[in-house]
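Written below as structure tokens is the structure these notes are about.
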Amino acid sequence: MPVNKIVFLQKGNVNFNNLKVASFISQKLQKKLVLFLIEVPENQKEKVKDQLFSLNIDFEIRNQIEYGEAKEEIKAEKPDLFIITREKISPFEHIFKITSSERFIKGFEYIDILLLQEDCNKIEKILINVDKETATLYYIKSAYTFAKKLGVDFKMITSFYEVFYENRLRKTHPDEEAKQLVAELFKEHLDAVKEKIARSLEGEEVELIVAKGDPKKEIPYYARKHQYDLLIINEDINDKDSYIENSEMSVGIFKDEEGA
Amino acid sequence: MEHQTILSMIGLGSKENLYWISILLFAGTYAMIILEKFFHRVPAALLGGTFAIFLGVVTPEGAWEAIDHNTMFLLIGMMIIVSVLIESGFFSILSSMALRITKGDPFKIVLTFTLLTAVLSAFLDNVTTVLFMVPILISITSKLKLKPVPYVIATVLASNIGGTATLIGDPPNIIIGSLGGFTFMDFIVNLAPIVVVTHIIGTIIFIGMMKYQGHLEVKLTDEKELKRIIEEQKVEYDVILMRKGLIVFGITVILFFLHHILHLEAGTIALFMASVLMIWAKESPEKIFERVEWTTLMFFLGLFVVIGGLEHSGVFEDAAHLVAGVITDPMSGILILGGLSAFISGIVDNIPFTMAMSYVLIDLAKTAAFDVEPLWWALALGACLGGNLTIIGASANVVAAGLSEREGYPIKFFDFVKQGTPVTVVTVIVALGLLWLKYAIFGI
């Protein structure tokens with residue numbers, strides 16, 4: 001059942017940078033923006049309304065909700081997309097601290113989630129990760145559609161963990177043979193990912209970046225290095241938390257199947 | 001049933017023959033280790049150890065007992081924990097932070113990197129620290145149009161000084177801690193304060209020399225280019241793995257502080273915590289084991305057996321009598337043994353020397369009329385700091401030289417001596433002087 005709504009949660013002070021991005025997404029996807037404002041000062045609520053009215057956004061405000069109940073309320077809303085602000089902390093701080101938004105999204109299933117980095121005020125470049133093992137056709141299609149509808153620059157990426165295979169194969173094969181086998185595995189990896197994309201997008205063209213390295217480190221690194229605003233991963237990906245915590249940018253966690 | 005050996009079968013199995021054969025084996029092994037150009041030190045040590053078993057100088061059971069399990073467990077455990085930390089990108093983040101703090105200023109670079117290296121070396125082994133810091137330092141300095149070699153040497157010197165501070169900082173300390181029965185806290189109390197002062201003085205000397213030689217002049221003045229270099233640093237990391245690695249590492253260090261209360265050896269703690277980390281981190285053990293220095297472990301294995309042969313045949317007992325004739329009181333012993341250890345460690349590998357001297361001190365303690373504890377600390381200071389004397393004085397120096405050469409910046413023997421020898425002479429004098437002063441003021 002299509003619900004056509006986006007939930008945007010704000011606790012304490014409203015992040016107006018993120019509100020701008022949430023409005024942009026709501027406008028481009030043509031979905032209603034439902035704001036969960038918890039413990040937000042009254043004057044800010046007014047400012048939120050003014051901003052959304054001026055942008056001509058279809059919105060609704062819920063401000064009678066306790067933080068402890070917010071999770072269940074959001075689940076009950078069954079939004080197409082749930083957006084929450086993520087505090088910006090350095091990787092070194094991240095070792096000792098898990099942000100409240102990262103804790104909050106644990107347990108959410110069958111909902112596309114967007115962790116918007118605190119300082120994110122635009123989404124102009126999106127990187128969509130296509131994991132060979134876990135990315136489903138549904139996920140690829142929905143991430144693609146999302147990026148396409150936003151009308152921004154986007155690319156897909158996959159990473160092949162070459163060193164891992166090479167080191168393993170070198171134990172049982174001569175160097176040259178190991179390299180040959182790794183090259184075959186690489187081709188197999190690439191073919192499988194390309195096939196998934198082709199089947200999912202039914203012929204639509206999209207640029208695929210091929211990285212080499214441990215995906216949970218390499219892909220966030222690539223996104224950081226090339227200044228992407230948003231990295232999208234699939235919900236069932238292995239080491240999902242690592243992708244999230246290793247990314248110093250906004251992260252989208254999109255579901256792998258239509259459901260719930 | 002008497003153990004039949006090849007020597008006893010040909011009539012050479014007498015105790016006296018075994019005594020001299022064990023000395024010959026040790027001398028032969030040591031010679032092979034020194035002649036690095038012709039023999040790799042690992043097969044040399046293994047050959048010495050297995051030859052001792054082959055000839056019957058020690059039985060296979062005796063050889064097994066001669067291996068100090070605490071040292072081996074500590075090395076393996078710490079290498080596994082460090083391997084996980086490397087895999088997590090922890091060191092990449094540290095070095096990237098260091099670069100951002102220094103903003104390309106050569107003086108700040110040498111100060112920050114040597115301090116970081118010294119602190120890391122106190123808790124990780126020197127080779128690991130150098131393996132990590134040297135490539136980063138070469139990359140940064142070459143981009144900043146600075147000569148990397150003096151910076152690499154300064155880092156290696158700091159690594160050897162920092163490693164002296166704790167039980168786990170340098171292999172000689174691991175051996176001394178285990179064979180001398182010293183706790184992690186004993187090292188902190190007796191060596192760490194001395195090492196802090198020594199590091200400060202060492203830093204002043206090598207920075208002074210670098211300034212005098214013109215290596216601290218800013219070569220890159222274009223701010224934009226500087227900013228680009230800082231931002232281009234490749235920092236790949238895995239926060240979750242880093243968190244797990246640091247939690248386990250932190251608990252391990254806490255347990256080291258408490259190991260005498262818990263009645264657990266440091267090696268047992270390290271290996272246990274490494275196993276916990278491997279289970280928790282869920283990383284492939286093969287990937288983790290790739291970074292374990294198996295060659296170093298094999299080197300230790302062979303040496304323990306060779307040294308076990310000497311111990312078994314009573315050589316150390318006699319050596320202790322000899323040393324007792326020269327060192328008649330602990331105060332002069334600090335200076336004699338410390339100075340000798342520094343000199344020998346500067347020209348040959350300090351691991352076999354420390355092992356042999358440890359056994360001599362164990363036997364000396366049985367006969368000497370004084371407490372030999374100050375001599376253990378003198379041995380630790382001499383063996384660790386002496387490694388800075390020449391490029392072959394410590395494993396970390398050799399590794400750094402190899403890395404630097406591979407990057408196109410070979411470190412010549414005399415380049416190292418020019419920077420290393422003055423630092424070593426001063427730091428050894430200061431460290432032994434402080435140790436002497438400590439016992440002179442507070443008593444033994």
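Throughout, read-outs are computed from the coordinates displayed, never taken from laboratory work. All of these numbers come straight from a predicted model, not from anything done at the bench. Neighbour counts are summed over all protein chains in view; Cβ atoms, including those assigned to glycine, are modelled from backbone coordinates with ideal geometry.
If the only charges are +1 at each Lys and Arg Cβ and -1 at each Asp and Glu Cβ, what is the size of the charge dipole of chain A around the Cα centre, to the nearest 20 debye?
I would put it at about 480 debye.
Cross-link list A:Lys225/B:Lys143; A:Lys155/B:Lys145; A:Lys97/B:Lys282: which exceed 29 angstrom alpha carbon to alpha carbon?
Violating the 29 Å Cα-Cα cut-off are A:Lys155/B:Lys145.
How large are Rg and Dmax for chain B when calculated on the C-alpha trace, in angstrom?
22.4, 80
Arrange B:Tyr439, A:Tyr110 by Cβ neighbour counts within 10 Å, fewest through most, would you?
Listed from fewest to most nearby Cβ atoms, that is A:Tyr110, B:Tyr439.
Add +1 for every Lys or Arg and -1 for every Asp or Glu among the other residues with Cβ under 13 Å from the Cβ of B:Met331, and state the total.
Every neighbour counted, the sum reads -2.
Can you give the net charge of the other residues whose Cβ lies under 9 Å from the Cβ of A:Val14, counting K and R as +1 and D and E as -1? Intermediate results must be reported in sequence, preceding the final value.
Values: positive: A:Lys45, A:Lys47; negative: none.
That works out to +2.
Could you name the aspartates and glutamates in cross-link range of B:Lys244, using Cα to Cα under 17 Å and dropping any fewer than eight places away on the same chain?
Result set, ordered by chain and number: A:Glu93, A:Asp239, A:Asp241, A:Glu245, B:Glu87, B:Glu236, B:Glu283.
Simple spin-label model, 7 Å along Cα-to-Cβ: A:Lys71 to A:Lys225 in nm?
3.7
Among the lysines, which have Cα under 19 Å from the Cα of A:Lys179 when same-chain residues fewer than 8 positions away are ignored?
A:Lys171, A:Lys187, A:Lys212, B:Lys287
How big is the dipole moment of the stretch A:1-121 about its Cα centre under a simple scheme where the beta carbon of each Lys and Arg is +1, that of each Asp and Glu is -1, and everything else is neutral? Debye, nearest 20, please.
220
Please work out the Cα center distance from the stretch B:291-350 to the stretch B:1-47, rounded to the nearest Å.
Going from one Cα centre to the other spans 17 Å.
Just to confirm my numbers, what's the Cα centroid distance between the stretch B:136-184 and the stretch A:1-39 in Å?
The two parts, judged by their Cα centres, are 53 Å apart.
Count charges around A:Glu205 for me, please; just the other residues with Cβ under 13 Å from its Cβ, Lys/Arg as +1, Asp/Glu as -1. Walk me through the intermediate numbers first.
Numbers: positive: A:Lys148, A:Lys155, A:Lys194; negative: A:Glu202, A:Glu204, A:Glu207.
Residues near A:Glu205 contribute 0 overall.
Tell me which of B:Ile93, A:Pro215, B:Met209 sits at the most positive position along the dipole axis of the protein assembly as shown, charges placed on C-beta atoms (Lys, Arg +1; Asp, Glu -1).
B:Met209
Please work out the FRET efficiency for the pair B:Phe54 and B:Leu262, using the Cβ-Cβ distance as r and a Förster radius of 35 Å; give the result to the nearest 0.05.
Efficiency, rounded to the nearest 0.05: 0.30.
Which value in deg cm²/dmol, rounded to the nearest 500, describes the helix-derived mean residue ellipticity at 222 nm for chain B, given -39,500 (n - 2.57) per DSSP H run of n ≥ 4 and division by the residue count?
Computed mean residue ellipticity for chain B: -25500 deg cm²/dmol.
Would you mind computing, in nm to one decimal, how far apart the modelled labels at B:Arg228 and A:Ser100 are, each placed 7 Å from Cα along Cα→Cβ?
Simple spin-label model gives 4.2 nm for this pair.
Return the average number of partner chain Cβ atoms within 10 angstrom of each residue Cβ along peptide B:237-249. Mind dumping the intermediate values first?
Values: counts 11, 10, 16, 11, 8, 6, 6, 1, 1, 2, 2, 0, 0.
Per residue, the average neighbour count from other chains is 6.
Which lysines does A:Lys31 reach when only Cα atoms under 20 Å apart count, and residues fewer than 8 places away in its own chain are ignored?
Leaving aside lysines fewer than 8 places away in the same chain, those within reach of A:Lys31 are A:Lys5, A:Lys20, A:Lys49, A:Lys75, A:Lys78, A:Lys122, A:Lys141, A:Lys148, A:Lys149, A:Lys255.
Compute the label zone of A:Arg199 within the stretch A:141-160: residues whose backbone N is under 19 Å from the point 7 Å along Cα-to-Cβ.
Within reach of a label on A:Arg199, which here means backbone N under 19 Å from a point 7 Å along Cα→Cβ, the stretch A:141-160 contributes A:141-145, A:157-159.
Taking neighbour Cβ counts within 10 Å as the exposure measure, how do A:Val163, B:Val149, B:Val189 sort from fewest upward? All intermediate terms of the calculation are to be shown ahead of the outcome.
Working: A:Val163 14, B:Val149 20, B:Val189 11.
Ranked by crowding around the Cβ, least crowded first: B:Val189, A:Val163, B:Val149.
Could you tell me the distance between the Cα centroids of the stretch B:225-274 and the stretch A:115-140, to the nearest Å?
31
Testing the spin-label approximation: label points 7 Å from Cα along Cα→Cβ at A:Gln44 and B:Lys366. State their distance in nm.
Placing both labels 7 Å along Cα→Cβ, they lie 7.5 nm apart.
Quick one: angle between helix B:148-162 and the longest Cα principal axis of chain B, in degrees between 0 and 90, rounded to 10, please.
Helix B:148-162 and the main axis of chain B meet at about 50 degrees.
If I stretch the segment between A:Leu190 and A:Ile61 completely, what's the gain in nm (0.36 nm per residue apart, minus their alpha carbon distance), one decimal?
Full extension of this stretch gives 41.9 nm more.
What is the packing order of peptides A:138-144, B:379-385, taking the mean over residues of other C-beta atoms within 10 Å and listing the highest first?
Result, highest mean first: B:379-385, A:138-144.
Taking each pair of different alpha-carbon atoms in the stretch A:125-214 once, compute 1/r for the pair, average those values, and report the inverse of that mean as the Kirkwood hydrodynamic radius in Å to one decimal.
14.2
Relative to the Cα centre, what is the charge dipole magnitude of chain B, using +1 at the beta carbon of each Lys and Arg, -1 at the beta carbon of each Asp and Glu, and rounding to the nearest 20 debye?
1600
According to the square roots a ≥ b ≥ c of the eigenvalues of the Cα gyration tensor, what is the shape class of the protein assembly as shown, taking rounded for a/c under 1.5, prolate for a/b larger than b/c otherwise, and oblate for the remainder?
Verdict is prolate for the protein assembly as shown.
Considering the Cα positions of the stretch A:1-121, please state its Rg to one decimal place and its Dmax as a whole number of Å.
Cα only, the stretch A:1-121: 14.0, 43 Å (Rg, Dmax).
How big is the stretch B:40-137 along each principal axis, measuring the range of its Cα positions in Å and listing the largest first?
Largest first, the stretch B:40-137 extends 61, 24, 19 Å along its Cα principal axes.
Can you give the extra length, in nm with one decimal, that the chain gains between B:His40 and B:Ile23 once fully stretched, where that is 0.36 nm per residue apart less the Cα-Cα distance?
Numbers: separation 17, 0.36 × 17 = 6.12 nm, distance 2.08 nm.
Full-extension gain reported as 4.0 nm.
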